[in-house]
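Notes follow the structure.
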Amino acid sequence: MLIILDLDGTLVDSEKCHFNSFVKSLERNGFAVTKKIKSGIMNVFGLSAKDIIKKVIPGISEEKLLLVAEDIKEIAVNEEIDKVKIINGAMDFVKAHYKSDDLAIITNSSEKFTRAILKRLDLMKYFKMLVAPGMKGLKPKPSDEMINHALNKLRYNKSDCLLIGDSIYDFLSAKKAKIRFIAVLSKSDYKKELKKLAECYTDLSRVKI
């Protein structure tokens, strides 16, 4: 079986890292970060950095958007990465499944940030594949492009694949791809919505495949 895992909020607690990186990048690029903007960032965590920026800074130019997004990535990797911790139960799940199943990561975080996290936490050796937005021109979740890319590359049928994540965007991506979805709620900002839509567990260590 191919088990696809989301990164942020599913494997690692990176919310503080990402939030600080967004705020720092916006401020360094001349934006006044109000309480409304801070709340807006938190309300749409799970989307890609570019999509979050466009939601909290409507009308931002493409040039400025690319600059802010690149700064977010650099700040996260170079200044805030020490705030990222593996979530309780995640390592138990990975070690229980990586020998009998193929594991992959599909994330809306940047490839650079994801690889830095996996290296820092010594996790990359457990995964067959990593897919992030922009790789091969792939769109971020809630698109199903990254899921379909992983299925094709690793040669799995949809019936032999599932996605585990913590956001509504993970759910929508799995739904579009027509694969099974499991929600983990320990760090989720979408508990209320996911409880109505998905098979849910408190954390990865309790997930039943």
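Spatially, region 137-209 and region 77-105 are offset by 16 Å when compared through their Cα centroids. When the charge dipole of region 15-82 is built from unit charges on Cβ atoms (+1 for Lys and Arg, -1 for Asp and Glu) and taken about the Cα centre, the candidate among 68, 37, 26 whose Cα reaches farthest toward its positive end is 37. In plain terms, the residue of 21, 100 with the fewest other Cβ atoms within 10 Å comes first and the most crowded comes last, giving 100, 21. Among the DSSP beta bridges whose two residues both lie in the chain, what percent are antiparallel, rounded to the nearest 5? Restricted to the chain, the bridges split so that about 10 percent are antiparallel.
So how much slack lies between residue 209 and residue 66, counting 0.36 nm per residue of separation and subtracting their Cα-Cα distance, in nm? Working shown, then result.
Details: separation 143, 0.36 × 143 = 51.48 nm, distance 3.93 nm.
Between residue 209 and residue 66, full extension yields an extra 47.6 nm.
Cβ crowding within 10 Å ranks 200, 17 as 200, 17, fewest other Cβ atoms first. The distance between label points at residue 193 and residue 129 comes to 2.6 nm (points 7 Å beyond Cα on the Cα→Cβ vector).
Taking label positions 7 Å along the Cα-Cβ direction at both residue 139 and residue 112, the computed distance is 2.5 nm, reported to one decimal.
Taking Cα pairs under 8 Å and at least six residues apart, what relative contact order does region 1-116 come out at, in percent? The partial results should precede the final answer.
Details: 120 pairs, mean separation 56.2, N = 116.
Relative contact order, region 1-116: 48 percent.
Take every pair of alpha-carbon atoms less than 8 Å apart whose residues are at least six positions apart; their mean separation over the length of region 15-82 yields a relative contact order of 48 percent. In region 15-82, inverting the average of 1/r over every pair of distinct C-alpha atoms gives 11.7 Å as the Kirkwood radius. Along region 67-83 the Karplus relation, 6.51 cos²θ - 1.76 cosθ + 1.60 evaluated at θ = phi - 60°, assigns HN-Hα couplings of 5, 5, 5, 5, 5, 4, 4, 5, 5, 4, 6, 9, 10, 10, 5, 5, 7 Hz to successive residues, with x for each Gly and Pro.
Can you sort 82, 92 from fewest to most other Cβ atoms within 10 Å of each residue's own Cβ?
Starting with the residue having the fewest Cβ neighbours, the order is 82, 92.
How much length would be gained if the chain were fully extended between residue 20 and residue 42, taking 0.36 nm per residue of separation minus their Cα-Cα distance, in nm to one decimal?
6.8 nm
Can you work out D for the chain in µm² s⁻¹ from Stokes-Einstein, where Rh is the Kirkwood radius over C-alpha pairs, the temperature is 20 °C and the viscosity is 1.002 mPa s? So the translational diffusion coefficient is about 125 µm²/s.
No value in this document is a laboratory result; all are computed from the given coordinates. If you're wondering where the values come from, they're calculated on a predicted model, not measured in any experiment. All Cβ positions, even for glycine, are placed from backbone atoms using ideal geometry, and neighbour counts span all protein chains on display.
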